[in-house]
Each structure stands twice: as structure tokens, then as C-alpha cells.
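*Asks:* One structure follows; several queries about it will come next.
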Amino acid sequence: MKYNVLTLSVMLLASASVSLAQNPKSTFTVVRSDQWGAQNFNPFSPASQHLLPTNSAIYETLFFVNSIDGKVTPVLGTKYTWSKDNKTLTVTTRGGVKWNDGQTFDATDAAFTFNYLKQYPALDTTGLWKSGLTSVTAPNASTVVFNFNAANTPVFVYIANTPIVPQHVWKDVKDPATFTNAKPVATGPFVFDSYSQQALRVLKNPNYWMKSQPYIDAVVWVSTSSNDAALLKLLSGDVDYGYVGISDPKGFAAKGPNNAYWWPTNNINFLYFNTVKAPFNDAAFRRAVAQAIDTKQVASKAYISAVPAANAASIFPAQQSTWLPASLKAQAPTFNVAAADKALTAAGYKKNAQGVRLGKDGQPLPTYKILVGAGWTDFITMAQVVGDNLKKVGINTSIDQQAWGSYSGGLQTGTYDMGISWGWGNGSNPYYTFNAAFSPDLSAPVGKSAPSNLSRYTNPTITAALKSFSTTSDPAAQKKAMSAIIATVLKETPWVPLTDRTQFSLFNTSRFTGFPSAQNPYNDASPDDTAGARLMYLNVKPK
Amino acid sequence: MPYLLRKVVILVFTLWVAATLNFVLPRLVPGDPVSVMLAKYQGRLDPSAVDALKIAYGLNDLGSPVSQYFSYLGRLLHGDFGRSISLFPTPVTDVIGQALPYTLGLVGITTILSFVIGTALGLYSGWRRGQTGADALTPVSLFLSSMPYFWFALVMLYVFAFQLKWFPLSGALDPFPGAAFTAGWWSSLLRHAALPAFTILVTSVGGWLITMRNNVVSVASEDYLAFARAKGLTERRILSRYVLRNALLPSFTSFGMALGFVVGGSILTEIVFSYPGLGFYLYQAVVGLDYPLMQAIFFIIALAVLLANFAVDLINVLLDPRVREGRA
Amino acid sequence: MNALNLGGLRRLFSQPRTVIGAGILIVLLLMGLFAPLLTRYDPNSLEFDSFLPLSVKHPLGTTAIGQDIFAQLLYGARLTLLVGAVAGLIATVLSVALGLTAAYLGGWVDEAINALINVFLVLPGLPLVIIASAFLRGGGIWPVILVISFTGWAWGARVLRSQALALRERDFVQAAVASGESSGRVIFMEILPNMSGLIAANFFGAALYAVLSEAGLSFIGVGDVSLVTWGTMLYWAQAKGALLQGAWWWIATPGLGIALLGTSFALLNFAIDELGNPRLGRAPAKPPRQGRVPASTPAPSDALLSVQHLEVGYVTRAGTVRAVRNVSLEVNPGEFVGLAGESGCGKSTLAFAATRLLDPPGAVLGGTVALNGRDLLALSPEELRQVRWKEFSLVFQASMNVLNPVLKVREQVYDAMQAHGIHDKKVLEARAEELFRLVGIRESALDAYPHQLSGGMKQRVVIAIALALEPRLIVMDEPTTALDVVVQRQILQEISEVRRRLGIAVVFITHDLSLLVEMSDRIAIMYAGEVVEQAPAHELYRQPAHPYTQQLMQAFPPMTGPRERRSGIPGRPPALSEQLTGCPFFARCAKRMPGICDVKPLETFTVSEAHTVACFLYDPAVPLATRTLALNAGTPPPAPAHPATEVNLESALPYSQTN
């Protein structure tokens, strides 16, 4: 019986997709400025290795957490609650969802997915099972229970963003790290249609659990291999969307009424100080240096008109209203060369007759190296501007370009002076930034590799506040903890936020409406291959 | 036959050198494959996941460099190039399999065309020495062959693809060109290959021209040519049987080396046009520090050039009777 | 010839190519050197706005991050030139060192280095550099230079090695080694200086390679992109989307700079190459076509070949060298005419000019050459082609290369006939076999390649081909000179035989008078471009009239008879570039009449029937007394500038009279 139903649905599905394949009525086209790889739909592979539709159109997660403002949208999970002690998370899964091979989705698939990560630690790239998770069970077909041995509410976002895979397929996959999953069985709004080096196509899933969406029949990705080429396609209206880091989005938007862009901030580029090395171990020195840097100039040189200088308190614009009280805003250091000069002298670093800054021992300060990745034009430019700025207060610097291995190695083992890098943690609230940056658990002695506390800075106030933040789910308590962290960071200046890091969404709105935007931020403008893009594919409608 | 045997021995030896260089060079670079792999995750990786990933990528327990070398050679002989790191878990041979036809087509055809055109023009330039047209070809060729490949490619791209829009900006095919080898597919393929091919053609034809011209001028002063003219042979006969065959021989010996240069130049051209051939993937591999892919592509390129050289040596034997008896 | 000595340098700089190449290079050099004077902006400073258009303040606008492009162009010249020069230098040093070592030491060292060279030549350069380049990122300019040199030395090493190998065998090197000079001295004082031209050319080639490689590497971002070179400028232009922004000049100017720099290197390389191999240069100036001057119509004569007042010269920049002066010569049907003279007297030039095979800068300056009454010099190229080989043929000097090395002998025999209308395979085959029988080669030689035949056989083949269409005249230019005596004899006998049988007239050119005396009907003696005496062979032998001929005769030892002192002729013939008045033999003549011989324009006088001589001793216009005095004079001419050979003081009288 079941077999017949299965066969029938497969046949129906097949015929439906055949007819669609012959003529998808409305196709949403996405342009890429690089070339994708082989036909790999493994949702657990790193982003650059599985194909673009994998986690954005084919597979679905439990929830979608907007990384900009933290809003939670239900996907395969409809409800979630933390227990009072924040050690148990209960998730209700959606009913009426089918895998695209016809089988029913339920909570056992979700539980299986998480236990699969435990079975194959190589897939657990966000370290779920190391964050206190002890067990995942599905007591019934619509409930999943996560048990932790310690309260850690920020881990929710990683649980929410895990793609859910069918147990009946993956229980037989013994080598998930190399499995390419050529025929993906998933719950998402689209199914795989065709693959070539030039174009990928997915067709609307006729049995998708949302009845009226998606509004479009197909999504096509076309590859180009440079930003210029991708931009041209957008300008000419050949494509509708592109995630392209061009240098002048304002100019792009100005070129036509259908050109639009949305570049929300989701991270920051920091100038890290290696706080175990003198004089960077001196907070007064660090604060003075921060005042000498013109972050507006840094941003305008590195990114022409696109990206603003970072908020001095390290809070992303979309999160400022929630997490950054006005009082703290005022405490941030401002760009003032004269004041920086005075502050340095006051801190014991005088200038000699030639204008060279001296150390506390009276000797001229050495030339400090600013570590950047080799060939990264934006970081190199930033280092050039910072160097220019610091020269004006008598501090000499040089640019140290290193290949990735030595760059990240240098940052992680604490052998640098100053370095430019992004926040090695970021998320829908500032906890992710500050935890990754200043948690003692993520630091290490010099010579050993620190996972993400690159400046090796810790402070008891910050440590305590991080803990209290993560062990509660009460917004008020979290806000209080966050303010304490921000205030300390502002005072101690273990780093200087230089520029924002943004998403790079560009749109050509001539054929479709319903794009996400600053006015309608239903996703986080994340790239076309992420879970956030799924919402865009669901919401765009032919004009 | 000893001539050919010598050539085979040199071929194998050079291959071995290429393979060894391939092994040694990336290992001299600071950093290691593991950290390269970690770059995929932008540093936000749990240490236990790191261990598990290492196992999955085959990057754990590598052994001493010497044992690594021999197992590398062993795998090479089996055609096992491992898996690409940037395109993990795609086997490197798959990537190469996809890219190879494009490069073979582009480089192969344009090299032959360039050789034919350059040789023909060189023949004209050498034979009609003293006439303005023939003489002007020399400085023009010198200029063309001194231009950076990629700069010319950029200029072509700007003028013909960007401004005039006669040709596409990048890639090898349109997004949905139709089934392989249909008319639409061919039209798409040729339109995309036109500019890269033209670039390689223009920048490499100069070298052939000058070589052939010099050969023709040398041959023109040989005694057998004077004798041929004295016999009253027609100019066509002299050109085809006396000049061409003799002037081509030295060109052939340098064909192999020139091929190496053309391959190098084609890499830059593929990068500028984003033509998905071996050169383009080599560049991506270098940028992404994908060592298995880098090594495999370099090896394949070296192998192809060596085989082409060997083929040329074979042709040389056919064309030059003096070589057949080892009296080159 | 491969040495860049002063004369070579002067010739080098007289060529337009060198001037242009050097000129471009100097301009670019100056640009880089005087950058601080030509612009007041620092190429690295970011103070300006991005993507500014062209203006007076910014002649090339600004980059995406606000740097002045013109300043970058000027300062970029420095590093680009530095990379080119230094990498080129290092690569050249490596090439010279390895090439010379391999050539000089030989043996297994040579084999090993040669193998290394071959490997490096075949390994594709750019991929190798790209792979090696992972070192280079952000490392400054020196790793780039080193890697480029490391991949660029092999080509030069191969060229220099083969040149050094050739030089090693030369006598001056062998002499130096034999005289006990140390290896170091031999290499540095003997071999290297003679390769200076080649090394210089090689340097420019290597510099070109270095500049293009640096540009390519920088462009793809492998290399230190924080430096300012023309290559990195292109990288940044591409990375910042210059084309999309419309700032095409940001891409055009550095690229053009690289192209011009590369061209200048290539021009200099080419020019120096030409120096060592002058044939590669521009075609020598085409002398005015004198062949169709209608002024001199051939005097009617029933001779087969009638050369009248032929003037042939070589037109050079330094003036015209008159190689054949007012030569008149006749050949009757079936006659064997010998043409003798020492090297450089113009006999080959005469033969080539008469058969219109003379290449520029040689040209016929006057006179006629009539074959069967038709002026050969006045024929159109197609008429000439048809006449060639049918009416007359030519046998060249027995050189290695008279036959096309890549064609079978058969084809080369056939094509002479095919060019004149014989196409029937059977006829061709029959005729070829017949010809070979005639000259005494076996027929299997038809299927051989020239290199498989000995010198003697090759020459026989050439003679066979010359007979193919039964021409009425064959001109043979030293056909047996390069062969050994025995073979020489055989061939001469065959020629004689064939000629008699077929009734072919032969003009036989040689410097070996003794041969001619035996075989010729008539002999003509040439000296310094003039025919100084013509006579039937036996008369010339018994009664040579011209003092030069007399002395030539005296130079031969008889096969039998007592051994006697032989005398050569002291002195040397005059240089043909000089304007000669009077008799060219004056300076060396034992019977000269000062005031007459060196002043009067030379004429030809009759001694007896069929015997003419161009000597004033037989000039009826000169008083008999003067002539008799000179004829009987015994005093040898004053000692010449260079040490003479032994002088026979015995007698200056004709040979026959001492008998």
C-alpha cells in the first residue's frame, strides 16, 4: 500500500518536474562572481564545497535566526522553550512536511541529525557537542529534547541553523565527509534539476509544505568569474540578484531605477593589539592609539563608498538600539590627533626632538608590524591608512603580509604586534563577538594556538558578565551583563574597531518584487547559498 | 632508433624531475595543508572538529617527508592525485577531467593556428626581404611578442566584450546552451573561445614569424638553393620543396619549447577571461592554497608539454632524413 | 663575429633597430630616474579622492584608493626596470657559468648540465613560477627576482653552450691550451671575449623574460602587491574594477610601458643577433638593375657564348668593389675553355654574373653576355628560367650543401627535367639511369639522400644533373677542388669523355692551371678582375706571353726531371676596391715598364692568331726598344711589404727556354 502511494507520488513528482523543466514560467536568476565546484549537495560540507542551492533552497533548518536583529522565524521547528534552569531545550517540529522522496518528516529525523553530528565529529563544526550538549532525543513524533549539562543559551543559534537530514537516507552513509549526495532528499521549497559549470537550476518542489509559496517556479544560478562580470549582468538586467562585493554600491544603485542594494553590517574589522606585548599591555597606550586612528578615513579608503567606519563600542548598527545604551555611546573614544598625542605623553611615552615616540625607557619605540593577509587589498589599504595615522603621533609601522597559514597562525599564537582581522565570533547579539574575543576559554598562552581570543585579553568583569549572559534567557539580565562588558571594553580598549563588515546583496528589481531590504529586513541579507536566502526565494514574486 | 630511445629516456627523467619539484615546492612554503583547510571555516572551528576533519581529509599521520615522497610517487603512478582541498571531496582527477578539454581545445588549436600563420608570414617576410611589407613584419612581430599576454587580453576584453559587446565577458559557455555538440552549443562555445583564442594567437604568432624568417634567410644563402635556381625550377617548387622543408626543421625543434611558453601565457589568458581551463584552475588552486590540485595540474601541464615535445621529435625524425641515422 | 668590439659596436649603432630600441630604453630609464622631478606626489600616499578623471593636476587620474597614477607610473618604472635588469643579469650569469662549464669541461659534467638544461627548458615556466610563488607573497622584490632568474636561465645556457663548444675547437683556443694556459685564462681571455655579442644578446632576452614574468606574476597577485611596479599597478586596476569605472587609462598606461620596455629589449636582442649573423639583417641595398641597359647591344658573333666588356661589381656602403673589369671572352660550340686565376681574381663572380645567379649586393654594371645570340642579361625572369638548364647549366664547387639534404637524389634529378616539360615517369626514370651510367654512379644512388653519399659521388650526381637536358654549354666552377686527387682525376676523365661524346662546350674555372693545360682547348688567365691572357692550351703552355702567366708556369714542378727550386710569386694581388690605373700586375711584375704600365689604360693586344694578351710588352704603340729591355730584364721587383717566399734568381725567361 505504502509502496504504491510512494510510486505514485514519485511518478507524479517526476511528471510535474518534467513539465516544469520544459518550461519554468518564472525563473529567479542569481549571479555569482566565482566558479562553483563539483556536484556536491552534502549539507554538512563547508560552504565553499557544496553547491549553492544546498542549504538555501533544498535543505531546511529548525529555525532561522536573523543574525542582524536576532528575530527567530520558525521553519521545521514551530516552537522552542528553555527550561527554567536553561539546561533543557524543547523544540516542537512541524507536521505535514514530506521529504521530496515522499516519506514523512518528523522529530526522529531531527534527533537523528544531531546524533549524527555526535557520531561523526568532523561534521560538528560549530562544536555543539562540546558546548555542554549531552543528549538529543525525540520522545514523540513532534518533539525534540536537547539536554545540556550547563546553561548555555547562546548555543541556540547553532542548533537552529543546523540543516535537517532524513534518517532513512543518512543512516547508511558511512563516510559523510566525502559523501557528495548527488541526489539530495530534503524538505525544502526547491528540488535539484540541472548542473553544469555555467548554470545550476532548481525547480519548485510541488509537494512543499507551504501551500502558496514559493511564488516562482525555478531558481537559476549563473557563474561568472569576476566581480566586474557579475556586476555587468546585474546592470543589464540579465539577473535579479547577486552577492558581489563591488567597490561602489551607491554608484550601482544610481545607474538605474531598478538597481538596489542592501548592505547591513554583520561583523567588524578590528585592529587587534597583542596585549601580552609591551607597550600593548598598557591600556593607556592602547586608548591613546585608538584616538589617533581616523576610522572614517580607513573605511573610505578601503571601501570606497560602501562601508562605514565601525561603531567604536563594537556594536553592529542593527543591534545598537537593543544593546547599546546612550550613556555608553558617549564613552567611546573619538578621533583626535592632538588629544592622542597628549595622552601618549601623559602615559609616559614622550616624543623626542625628531618627533619619534619614545618608550618608557627613553628609547625610541621600534617599528611595529601590522599583520594582514597577503594580497588582501582592503586590509592592506587599512594598514596603510593606520600606518599613516600613527606616523602623525610619532609611531612607525610596517605592513606584514602573510599567506593564510602564517597570518592566522600569527594571530592565534600571539606572535604579532598589531593585526587586522574580522571578529572571530559574530552573531545576532554582541555576546558572540565578545565571547569569542575575550573569553578565557578561548585564549591560550603565547606560543599555543588560541581559538579566537586573538588579543589574549581577559578581564574578570568581562568573564563574569559573559557567564551571566549565557546562563540566562531573561532579556533584562542579559542587557545588564552586556552593558558591563561594553563599558569595560571601552575603558580597556583591547582592540580598535576599524570598519564594518557587511553583507553584499545587490538587486535588480525589474522583474520581481518582495526583495528583502532595510525597510523589510525579513532575512539578514546573507549570501544566496545560506539559510537566510531561503526566505528571499520564498518571498519574491513576479511583477 | 637510438635517437628515439634517448628522447624517451629524457622524457621519463624530466617527468620525474617535474614530479619531485611538485612534491618539494609546496612543502617549502610556510604553513601546512591543515591550516589551509581550516581557512575554509574562517577560524571558527572547534578543536575536536579539527581533529576529525584532519582524519577525513587524510591529513593526519603523514609520516616522515621521505616516506611521504615515496607514497606520493606511488600514488602518482596509479594516477591517484588525491582529493582537492578547495573543492573537497571532489577527486582532483575529476576537476582536471572537466578542465582539460577546454585547455586542450583553446591552447592546442591556437598553437597550431599560430604556428601555421606565423610560419607562413615568416616565409613571406624572409623570402621577400627588401620589400616594405615583408620588412615591416619584423618590428611588428617584436612588438607583439613583447606585449604582456594578459594586458592585451584586458584590452581585448574591454574593447570587444565590454564596449562593443560582440563577445561574452567570461566563461566557456552560455548558461543553458543546449545539449552538447548541437549547433547552439557549438555557437556558444566558439563565441566564448573567440577572444581568448585571438589573444593567444596574436601574442604568440610573432615568435614563430621571426624564427621562420631567420630560418628562411639562412636557407636562402645556402648552396642548394642557388643550385635549385640555376636548374630553372619554378619559384613555387623552390619554395615548397627547397625552402619550406629546410626552414621548417629548426622551427620544429623550438616548437616544443615554445609550447611551454604558450602554455604559460594561456594561463594568464584563461585568468583574464575566466576560461575554465587548467590554467584557470591552477590559479584558483594557488590562491586557495589547494596543494593537491596545484600539484596535479602542474604535473599534467608538464606531462602534456613533454608529450608534445616528444611528438615533435617524432615528426622531426620523419621530416629530416639526417636525423634518422643519428647524424643530426 | 660574435665579439662586440669597436667595429661591431659602430655597426650596431648604425642600425635603426638599435637606435630605436636603445632610445626607448633610455627614455624609460630617465622616466624612472627623474621621477621625483617629474612629479611631486608620492606614489604611495593616499591623500586624494578615488577614481579622479584625467586633469592637469593628475595627468592620469587617481587610483581607487586615491593615489596619483602618473606618480605610480614614473616610480613604478624604477622597480620594473630593476627587476628586468637584475633578474636578467642573474639569469645571464647562470647561463654563462653553466653553459661554459659544460662546454669546456665536457664529459659527464657536460652530460649532467645538458640534462639539467633540457629539463628546465621543457618544464613550463609560468606554472612552475606560480607554484614556487607561494613564497613570494608579501616578501618584497628579491624573492620575485630570484624565482624569475631561477626559471629563466636555461634557454641562454643552451645557446651559450653550443657556441662555446664550437669555439673550443677553434685553433686559437687549442693553441692557448697547448701552450699551457690555465683553464681560467682560457675561459676568460679566449672564449668569453669572443662570445661577448652573444652574451649581450642573451642578457636582453633574459631581461625581456624577466619583465614579462614579473608583470604576469604581479598581475595575478602572486608577488608583493604593496610595492609599486607596472605589474602591481595592473593588479590593483583589475582588482578595483578600473574598466567598469571607465578608468581605462589605469590599465592602458602601465601595460603600454611594459610593452615598450619589452620591445626595446627585443629590438636590442635582435640587433645584436644580426651583428653576429649578418645574413639576418635587412637586405643589402639593391643596386640599380643594370641588366637591361640597352645601350650595349652584343656584337654579332657565331660563338656559342660571347661575353663582351662585362663589368661586375659589389655595391657596398663603402663604395663599389669592381670584381670583373671589362672582360671579353668567347666560347665556341664544343670547346673546352679553361679559366684560371688565383683566389679572389673574380672568376667565380664572372661565372655567376654571366649565368645571372649573382645575389645582391653583386650586380652587373655593364657589358653583355650572349648565348646563342640572345643577351642573357636582358631576359625576363620567366624567359631566363626556361633557358636555364636547357641551354646552359652550372656545376658548383664541390661543397657539402649543393644538394637539398631533405630530398632524395632521385627527386632532385627529376625536378630539373620536370621544370622543363618532361613529366612522363618512365622517361624520367630512364633518363636518370642513363645519366648516372654516364658519370659512373650506380643507379641505387637515386634512392639515397645526399648525406649518404660521399663527396665524390655527390659531385658526380651534380654533373649528371647538369647533363640532364643536354645543354650546349656547362660552366663548371671549381668542380673538383674539394675532392681528393684520385677522385678528381676520375671525374675529370668522365667530364672529358662526356663532353667529347655529346659535343658540349665547357667553361672550366679553377685555380689549378696544371689541370687546364691537359684538358682545355683554350685557356684564359684572370688576374684582379681582368682577363690578362687567352690562348690555345698548348701555346699557353709553351709560350706564355704575360709575365703573370710565365710566373704561374714556373710554379709547377714536373713529374719527372731533377728536383729544382720552385719560385712562387712574391706579393699579393691588389685590393679590388681600389681604383686601378694601368696594369694590375704592375707591382709584382718582373718586366714592368714604369711610366707606361702603371699609367696607360689597359688594352688587349694580339700576340698571334687566337692568342691575346693584356700586357704593354706587346703594345705596338710602345717603342720596341723599351719593350725589349723590359722583356729581357732580370731584376726582380723591390721587396714587398710582407716576407716573400724564396726567389729564384736563376732566370726570368719563360720556362721553355731553360730546358
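*Asks:* Which value does Rg/Rh take for region C:305-526 over its C-alpha atoms, Rh per Kirkwood?
*Replies:* 0.96
*Asks:* Tell me the mean residue ellipticity at 222 nm calculated for chain C from its helices only (DSSP H runs of n ≥ 4, each -39500 (n - 2.57), averaged over every residue, nearest 500).
*Replies:* Taken over chain C, the calculation gives -14000 deg cm²/dmol.
*Asks:* Order of A:ASP474, C:ASP598 from fewest to most other C-beta atoms within 10 Å?
*Replies:* Going from least to most buried by this count: A:ASP474, C:ASP598.
*Asks:* Could you work out how much longer the chain between A:THR78 and A:ALA339 gets when fully extended? Use 0.36 nm per residue separation minus the Cα distance between them, nm to one decimal.
*Replies:* Net length gain for the segment: 88.6 nm.
*Asks:* Run the paramagnetic zone check for A:SER517: 7 angstrom along Cα to Cβ, then residues of region A:234-263 with backbone nitrogen under 11 Å.
*Replies:* A:258-262
*Asks:* In addition: Going by amide H atoms built from the backbone, whose H comes under 5 Å of the H on C:ALA64, apart from near neighbours?
*Replies:* Here C:PHE51 satisfy the definition.
*Asks:* May I ask for the angle, rounded to the nearest 10°, between helix A:377-391 and the longest principal axis of chain A, with both axes built from Cα atoms and the value confined to 0 to 90°?
*Replies:* 20
*Asks:* Starting from the 7 Å offset along Cα-to-Cβ, what nm value, one decimal, do you get for the label separation of A:THR461 and A:ASN140?
*Replies:* Between A:THR461 and A:ASN140, the label points sit 5.0 nm apart.
*Asks:* Only four residue types carry charge here, +1 at the Cβ of Lys and Arg and -1 at the Cβ of Asp and Glu. Report the dipole size of region A:385-543 about the Cα centre in Debye, rounded to the nearest 20.
*Replies:* 340
*Asks:* Now, a different point. With everything on Cα atoms, drop me the angle between helix A:337-346 and the longest principal axis of chain A, reported from 0 to 90° to the nearest 10.
*Replies:* Relative to chain A, helix A:337-346 is tipped by roughly 60 degrees.
*Asks:* For the residues C:LEU377, C:LEU28, what sequence is obtained by ranking on other C-beta atoms within 10 Å, fewest first?
*Replies:* Ascending number of Cβ neighbours within 10 Å: C:LEU28, C:LEU377.
*Asks:* Tell me what chain A gives for mean residue ellipticity at 222 nm when only DSSP H runs of n ≥ 4 count, each as -39,500 (n - 2.57), the sum divided by the residue total, rounded to 500 deg cm²/dmol.
*Replies:* -9500 deg cm²/dmol
*Asks:* While we're on this one: For a Förster distance of 25 Å, can you work out the FRET efficiency between the beta-carbons of A:ALA326 and A:ALA284, rounded to the nearest 0.05?
*Replies:* The formula returns an efficiency of 0.45 here.
*Asks:* With a ≥ b ≥ c taken as the square roots of the eigenvalues of the C-alpha gyration tensor of region A:479-525, please select rounded if a/c is under 1.5 and otherwise prolate if a/b is larger than b/c or oblate if it is not?
*Replies:* Cα axes put region A:479-525 in the oblate bin.
*Asks:* Of all the C-alpha pairs in chain A, what % are more than 38 Å from each other?
*Replies:* The calculated P(r) of chain A puts 34 percent of pairs beyond 38 Å.
*Asks:* If you don't mind, there's one more thing I want to ask. Given a cut-off of 19 Å, what percent of all Cα-Cα pairs of region C:473-521 lie beyond it?
*Replies:* 16
*Asks:* Can you give me the angle between helix B:132-146 and the longest principal axis of chain B, using Cα atoms only, in degrees from 0 to 90, rounded to the nearest 10?
*Replies:* So the inclination is approximately 10 degrees.
*Asks:* For C:LEU105 and C:SER608, FRET efficiency with R0 = 60 Å and r from the beta-carbon atoms, rounded to 0.05?
*Replies:* 0.30
*Asks:* Right, next: Starting with the fewest neighbours, write out C:TRP108, A:TRP262 ranked by other beta-carbon atoms found within 10 Å of each beta-carbon.
*Replies:* C:TRP108, A:TRP262
*Asks:* Within chain C, which DSSP H helices have Cα atoms that stretch 27 Å or more along the helix axis and a mean Kyte-Doolittle hydropathy of at least 0.0?
*Replies:* Those that clear 27 Å and a mean of 0.0 are C:69-105, C:196-219, C:248-276.
*Asks:* Rounded to whole Å, give me the distance from the Cα center of region C:7-56 to that of region A:92-171.
*Replies:* Taking the Cα centre of each part, region C:7-56 and region A:92-171 sit 67 Å apart.
*Asks:* Return one quarter of the surface area of the convex hull spanned by the alpha-carbon atoms of the protein assembly as shown, equal to its mean projected area, in nm².
*Replies:* Orientation-averaged projected area of the Cα hull: 72.1 nm².
*Asks:* Taking R0 as 41 Å, what FRET efficiency do you get between B:LEU77 and A:THR367 from their Cβ-Cβ distance, rounded to the nearest 0.05?
*Replies:* 0.20
*Asks:* Quickly work out the C:HIS423-to-B:SER218 label distance, labels modelled 7 Å from Cα along the C-beta direction, and quote it in nm with one decimal.
*Replies:* 3.6
*Asks:* Here is a further query. When chain B is treated as a GNM, springs tying every alpha-carbon pair under 10 Å, which of B:LEU314, B:LEU106, B:LEU157 comes out with the largest mean-square fluctuation?
*Replies:* B:LEU314
Any read-out appearing in this document is the output of simple, stated calculations on the displayed coordinates, not a laboratory observation. This structure is a prediction, so every number in the text was calculated from the model and none was measured. Counting neighbours? That spans all protein chains shown, and the Cβs are built from the backbone with ideal geometry, glycine included.
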